């Protein structure tokens, strides 16, 4: 495993739509392992392929219960609402208020290409939606309810 270099706001790769993963190769498995390690090293709760320069429909999330790997995810249901401060490893030390669903149901594949369905609420729902947006070239600042601020200046 290795730490991958992050891509930051302004890098054109963050605005591109990621491609579907057709098969799991050793390179894809290595990418997933590296993404988990990079996310943890950077103290993030999620990381998407474009953030490490790979335009594949893959993201990882860890809200405290261990990493969850999503390959070719599709959000099939959204409900409720939450508004809160949101940051991103690709916009370091920045934060903005973002409205997200409070509950999501997402279908995806694991690294064995076995389909699974996961329900997420609160932080997990927010993280799934945030990382899913990255796969379509959307950054949280695009949908923020207010200005993007320095973390030190933010009040919830």
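The values are calculated or read from the model by the stated rules, or taken from the named source; none is laboratory data. It should be emphasised that the depicted structure is a prediction, and the values quoted were computed from it without experimental measurement. When we count neighbours, we look across all protein chains shown, and the Cβ atoms used for this are built from the backbone with ideal geometry, even at glycine.
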request  = Would you be able to tell me the number of residues in the stretch 60-84 that are under 14 Å from the mean Cα position of the chain (by Cα), over 16 Å from residue 1 (Cα atoms) and in contact (Cβ under 8 Å) with a residue 40 or more places away in the chain?
outcome  = 8
key: Scan of the stretch 102-130 for residues that are free of Cβ contacts under 8 Å to residues at least 12 places away in the same chain and either surrounded by 22 or more Cβ atoms within 10 Å (Cβ to Cβ) or not in a strand (DSSP E or B) (or both), ordered by number   = 114
request  = Please specify each residue of the stretch 12-25 satisfying the condition of being without any contact (Cβ under 8 Å) to a residue 24 or more places away in the chain and farther than 16 Å from residue 109 by Cα.
outcome  = 12
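Residues checked against (1) in contact with a strand residue (DSSP E or B) (Cβ under 7 Å, 6 or more places away or on another chain); (2) farther than 18 Å from residue 1 by Cβ; (3) modelled with pLDDT under 95:
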residue	(1), (2), (3)
24	no, no, no
42	no, no, no
46	yes, no, no
101	yes, yes, no
105	yes, yes, no
108	yes, yes, no
120	yes, yes, no
126	yes, yes, no
130	yes, yes, no
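Yes or no, residue by residue, for (1) crowded, with 18+ Cβ neighbours inside 10 Å; (2) out of contact with any helix residue (DSSP H, G or I) (no Cβ under 7 Å at 6 or more places or on another chain); (3) within 24 Å of residue 23 (Cα to Cα):
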site	(1), (2), (3)
72	yes, yes, yes
79	no, yes, no
90	yes, no, no
100	yes, no, no
key: The one condition in (1) part of a loop (DSSP other than H, G, I, E, B); (2) surrounded by 14 or more Cβ atoms within 10 Å (Cβ to Cβ); (3) more than 15 Å from the chain's Cα centre (by Cα) that residue 96 fails to fulfil   = (1)
task = Specify which of the listed residues (63, 54) is more than 28 Å from residue 156 (Cβ to Cβ) and at pLDDT 95 or above.
result = 54
ask   = Which of the residues spanning the stretch 140-154 are closer than 10 Å to residue 98 by Cβ and either over 20 Å from the mean Cα position of the chain (by Cα) or not in a loop (DSSP other than H, G, I, E, B) (or both)?
value = 140, 141, 142, 144, 146
